[in-house]
Amino acid sequence: MKVSMILNGEQVYVDSDGDALLIDVLREQIGLTGTKEGCGVGVCGACSVLVGDEPVSSCLYLAGMADGAEVWTVEGLTARDPALADVFVECEGMQCGICTPGQVVAAAALRRHHPGADDETVSRWMAGNLCRCTGYGTILEAVERYVGRD
Ligand code: FES
Ligand code: FES
């Protein structure tokens, strides 16, 4: 099937199987490998991308469901707003980096939905993004700093 989407601000057309997952189309057909696969079953958040303003798990999301939608990946979000990547570097909010694209996407969505979110809101919002390395303190610090910026 043909899928048409606005990807990171640009019109994109792809031919994909009807059961193709968005993560596979992004990584393998389009070559945007910033989106990572962790669990592959919708639990860890590593594969998060924005469809419209909403974070979705691209490992469960059929590419066809994105037809006609605006999709943002970590590449587009950080190109549009370098501060989003900078805070994770400044706060050392990553180690192996597998979860980081999903954390970044979630942080971008949080700032859209709850600019200036308090720490509790940040913790709740980010709870769906798992990390096996950092212990979360530095990730939350990065996100708190990002959503507090205007
Ligand atoms: S890889 Fe999609 S939620 Fe874990
Ligand atoms: S930095 Fe390794 S899983 Fe989060």
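The values are calculated or read from the model by the stated rules, or taken from the named source; none is laboratory data. These numbers come from a predicted model, not from an experiment. We place every Cβ from the backbone using ideal geometry, glycine too, and count neighbours over all the protein chains shown. These area figures cover heavy atoms from the full protein model, side chains too; ligands, DNA and RNA do not enter into them. Shrake-Rupley method; radii C 1.70, N 1.55, O 1.52, S 1.80 Å.
Provide the net charge surrounding residue 52, with neighbours chosen by a C-beta distance below 11 Å and charges set as Lys +1, Arg +1, Asp -1, Glu -1. With Lys, Arg at +1 and Asp, Glu at -1, the neighbours total -2. Between residue 43 and residue 114, the modelled label-to-label distance comes to 2.5 nm, taking each label 7 Å out from Cα in the direction of the beta carbon.
Kirkwood hydrodynamic radius, the stretch 84-150, all distinct C-alpha pairs: what's the number in Å?
Values: mean 1/r = 0.0877 Å⁻¹.
Its Kirkwood hydrodynamic radius stands at 11.4 Å.
The Cα-based radius of gyration of the chain, divided by its Kirkwood radius, gives an Rg/Rh of 0.97.
Rounded to the nearest 0.05, what FRET efficiency is calculated for residue 132 and residue 15 with R0 set to 41 Å and r the Cβ-Cβ distance? Walk me through the numbers on the way to the answer.
Details: r = 36 Å, r/R0 = 0.87.
Efficiency, rounded to the nearest 0.05: 0.70.
Expressed as a fraction of 2.2 N^0.38 Å, the value expected for a compact globular protein of N residues, the C-alpha radius of gyration of the stretch 2-76 is 0.95. With K and R counted +1 and D and E -1, the other residues having a Cβ less than 13 Å from that of residue 17 yield a net charge of -3.
Note the full-extension length gain between residue 28 and residue 92 as 0.36 nm times their separation in residues minus their Cα-Cα distance, in nm to one decimal. Spell out each step's value before the answer.
Numbers: separation 64, 0.36 × 64 = 23.04 nm, distance 2.93 nm.
20.1 nm is the gain from fully extending residue 28 to residue 92.
Rounded to the nearest 20, the Cβ-based charge dipole of the stretch 42-150 about its Cα centre (Lys and Arg +1, Asp and Glu -1) stands at 220 debye.
Counting Lys and Arg as +1 and Asp and Glu as -1, each charge on the Cβ, what is the dipole of the stretch 2-76 about the Cα centre in debye, to the nearest 20? Please report the intermediate quantities before stating the final value.
Working: 3 positive and 12 negative charges, 30 e Å.
The dipole of the stretch 2-76 has a size of about 140 debye.
Share of the stretch 2-76's accessible area from carbon and sulfur, percent, 1.4 Å? If you can, show how the numbers build up before the last one.
Numbers: 1650 of 3400 Å².
Result for the stretch 2-76: 49 percent of the exposed heavy-atom area is carbon or sulfur.
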